[in-house]
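The values are calculated or read from the model by the stated rules, or taken from the named source; none is laboratory data. Here the structure is a predicted model, which is why all the values come from computation and not from measurement. Glycine also receives a Cβ, built like all others from the backbone with ideal geometry; neighbour counts cover every protein chain displayed.
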Amino acid sequence: MPIGIASSDRKLLLGSTALLLLLLAASAILSPPEELASPIPSTYSAQSAGAAAAFRLLVKLRYPVRRWEGPPTELNADPETTLLILAEPFQPASENERKALVEFVEDGGHVLFTGANIHGYFPGGKLGGNAPIRRGTPFEPILPSSVSRDAQHVTIQPRGYWGRLTSEQLALYGKSDAPVVVSWALGDGEILWWGGSTPFTNAGITREDNLRFFLNSVGNWSQHQPYQIYGTNIFTGNAVRCGAT
């Protein structure tokens with residue numbers, strides 16, 4: 001049975017939604033007319049597949065978020081209080097970069113990874129096949145979790161479906177034999193995988209319960225203190241030397 005939204009959460013969600021709509025409108029107006037549409041969820045892009053509104057929303061809500069524009073080998077942050085977002089990275093990681101990412105998570109770090117290329121960054125993540133490119137589909141939780149709190153219908157256009165689950169991996173949304181959201185415990189840390197970036201794109205963040213799902217996904221999963229959020233596009237084309245913008 002779905003749990004009702006607490007009054008404080010409802011106020012936060014309503015306020016976030018109103019702020020998000022203003023940011024989306026501003027992004028559309030201020031976006032350069034010559035900007036080409038791109039499938040990459042860049043936090044600089046106001047196009048439908050971009051993630052400018054999501055990034056600006058986190059800033060407005062005072063989340064400790066920054067763009068990271070260096071390689072994973074140079075990420076010098078406390079793993080236990082850091083969330084690294086890797087949004088549909090398309091360039092393969094080097095062996096040293098893969099090692100650095102795995103060590104970051106095993107030491108207590110958290111990663112939100114979207115898209116079909118997770119095996120190139122975390123070798124233990126294997127998809128069962130690419131998903132057909134089509135409009136986003138609403139998915140329901142397979143089981144309750146902190147990520148699915150008050151997010152009973154999440155729209156995602158998956159780039160792929162997870163393959164066979166190991167004992168450390170848990171399907172959260174989709175079908176048990178074709179998950180589109182997976183939680184993966186790795187050492188002392190955790191990876192949250194989405195099959196696609198729809199929930200934080202400019203076109204997708206206002207659909208269904210995507211905003212709540214997104215905020216759940218970037219909130220501290222252990223509830224001790226807020227994460228320092230590093231968004232990269234290795235968030236792609238954004239990602240990787242800490243620089244505030």
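All conditions in (1) surrounded by 14 or more Cβ atoms within 10 Å (Cβ to Cβ); (2) within 28 Å of Gln91 (Cβ to Cβ) hold for Ala151, with the sole exception of (2). Screening the candidates Gly115, Gly128, Gly163, Gly108 for the property of being among the small types (Gly, Ala, Ser) and closer than 14 Å to Ser197 by Cα yields one hit, Gly115. Exactly one residue out of Pro92, Pro64, Pro41 is over 18 Å from Gly187 (Cβ atoms) and over 17 Å from the mean Cα position of the chain (by Cα), and it is Pro92.
One residue stands out among those in the stretch 42-55 that are in a loop (DSSP other than H, G, I, E, B) and touching a helix residue (DSSP H, G or I) at 6+ places or on another chain (Cβ under 7 Å): the one that is modelled with the highest pLDDT, which is Ala51.
Among the residues of the stretch 79-116, just one is over 23 Å from Leu172 (Cα atoms), touching a strand residue (DSSP E or B) at 6+ places or on another chain (Cβ under 9 Å), modelled with pLDDT of 90 or more and not in a helix (DSSP H, G or I), namely Asp107.
Annotation note: of Leu61, Leu127, Leu75, the sole residue that is within 24 Å of Gly163 (Cα to Cα) and of a type in the set (A, V, I, L, M) is Leu127. Quick check on this structure: which one of Gly115, Gly70, Gly124, Gly136 is loosely packed, with under 15 Cβ neighbours inside 10 Å and out of contact with any Leu (no Cβ under 7 Å at 6 or more places or on another chain)? On inspection, the qualifying residue turns out to be Gly124. Residue pairs whose Cβ atoms lie under 7 Å apart, sitting 6 or more positions apart in sequence or on different chains, and linking a residue in the stretch 93-112 that is under 22 Å from Val147 (Cα atoms) to a partner that is surrounded by fewer than 22 Cβ atoms within 10 Å (Cβ to Cβ) and acidic (Asp, Glu), are Glu106/Asp188; Asp107/Asp188; Gly108/Glu80; Gly108/Asp188; His110/Glu190. Of the residues making up the stretch 85-100, those that are closer than 25 Å to Phe213 by Cα and surrounded by fewer than 24 Cβ atoms within 10 Å (Cβ to Cβ) are Glu88, Pro89, Phe90.
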